[in-house]
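Okay, structure first, notes after.
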Amino acid sequence: MTVRKAWILATAAVGAALSFVMLLVVGVYVVAGNLVSGFGNGTVGLAQNAVPAAYASIVQKWGNLCSAINPALLAAQLYQESGFNPNAKSPAKAEGIAQFIPGTWAIHGIDGNGDGRADVWDPRDAIPSAASYDCKLASYVKDAPGNLTDNMLAAYNAGAYAVIKYGGVPPYAETQNYVKTITTLAKSFAAPVQRVDPSKQAAGAIYFAQKKLGTPYLWGGDGTPDQGGRFDCSGLTKAAYETVGVTLPRVANDQYNAGPHPKRNELLPGDLVFFSDDLTNSRAIRHVGIYVGGGYMIDAPRTGAVIRFDPIDTPDYFGATRVTEDGAKALPTTV
């Protein structure tokens, strides 16, 4: 039994320039392919703009409330619960950005912004309440064997008694999956403390996208036969990674959380690159492509265009994600 219900639910460029890009893709990837995927350890901060600007400072502050949590972990919980939607309401009557059910809120809701009342619909109260509740759960299970954060997440999902009874994460598939999901997803919200290395699947995803060059764009296109094999931007990236066994969510702003975020000067072929009119909010991302090296991506840009090579260094460049299999599995596939 869960304590709070998770509410989840172009014309292609031709000629010498194109040849140069293709050579660069092959050359860079041959070097990159010898590296091993990984994620840095150390003091945890939030990846730039991974959390909407309106909530980032709250998550950063309250994510350090106790040793069992950190800002990235708290962000992962909020994303998994509501997609950072402060007005979310689930069929189980869970409410707000942190998806408290009324009975739990009545006990654990706090006045985080100091205005004299605890409002489940106000993220300035709900986010601090989520952190406070996590830390309280951690205090209940602090003597249980195993990792404190894992035990706290298990208590969040199955209750503290189950963690104490089983001496750690209980043998419930739902609970074990919840712990893995949140700890994996937290990596996509954490600022990397060392270079992020490439995905082993990147070459296959690029190969698929290259074969689609020149295909007309279709809004909502998934490349199915009845759609004439046409794609939109996130449909292309989703299909490309499916060919190498990685299932991404359908929309671009969810695909952003499928792994850690390399800096611009760390990009390698296969990284997903994102674009937005609001550079402070990952939930506002509106376009995605597959980086191929040399400052170019393959993307399905817009109605009237075809899948093509485009430069990434534009004013609306938001950031990038290095897709990992575990990261993709931690994401909702429907929105």
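The values are calculated or read from the model by the stated rules, or taken from the named source; none is laboratory data. None of the values given here were measured: they were computed from a predicted structure. Virtual Cβ from ideal backbone geometry, glycine too; neighbours counted across all protein chains shown. For accessibility, only protein heavy atoms count, side chains too; no ligands or nucleic acids. Shrake-Rupley method; radii C 1.70, N 1.55, O 1.52, S 1.80 Å.
For the pair Val306 and Asp278, how long in nm is the line joining their label points, each one 7 Å along Cα→Cβ?
The two pseudo-label positions are separated by 3.6 nm.
Could you go through the range 213-220 in sequence order and give the Karplus-derived ³J(HN,Hα) for each residue, using 6.51 cos²θ - 1.76 cosθ + 1.60 with θ = phi - 60°, rounded to whole Hz, and x for Gly and Pro?
Once θ is set to phi - 60°, the couplings for the range 213-220 become 3, x, 6, x, 6, 9, 4, x Hz.
What accessible area, in Å² to the nearest ten, does a 1.4 Å probe give for Ile58?
About 30 Å², ignoring ligands and nucleic acids.
Carbon and sulfur atoms: what percent of the 1.4 Å accessible area of the range 190-265 do they account for?
In the range 190-265, the share of accessible area belonging to carbon and sulfur is 51 percent.
Skip the ligands, DNA and RNA, and give the accessible area per residue of the range 157-216 with a 1.4 Å probe, whole Å².
Ligands and nucleic acids excluded, the result is 47 Å² per residue.
Equivalent ellipsoid semi-axes for the chain, as square roots of 5 times the alpha carbon gyration tensor eigenvalues: give them largest first, rounded to whole Å.
Values for the chain, descending: 39, 20, 18 Å.
Which of the cysteines in the chain are isolated, no other cysteine C-beta under 4.7 Å?
When partners are defined as cysteine Cβ atoms under 4.7 Å apart, the chain leaves Cys233 without one.
Suppose only helical runs count, i.e. DSSP H with n ≥ 4. What mean residue ellipticity at 222 nm does that imply for the chain under -39500 (n - 2.57) per run, divided by all residues and rounded to the nearest 500 deg cm²/dmol?
That comes out to -11000 deg cm²/dmol.
Can you tell me how much longer the chain between Lys89 and Glu242 gets when fully stretched, taken as 0.36 nm per residue apart minus their C-alpha distance, in nm with one decimal?
In short, 51.9 nm is gained.
Consider all pairwise Cα distances in the range 57-197 and report the whole-number % of them above 22 Å.
37
Non-local amide H neighbours of Gly319 (under 5 Å, H modeled in plane, Pro and chain starts lacking H): which ones?
Result for Gly319 returns Phe274.
Please go through the residue pairs Lys136/Lys329; Lys61/Lys187; Lys136/Lys187; Lys61/Lys136; Lys212/Lys263; Lys187/Lys212 and name each one whose alpha carbons sit more than 21 Å apart in this structure.
Listed pairs above 21 Å: Lys136/Lys329; Lys136/Lys187; Lys212/Lys263; Lys187/Lys212.
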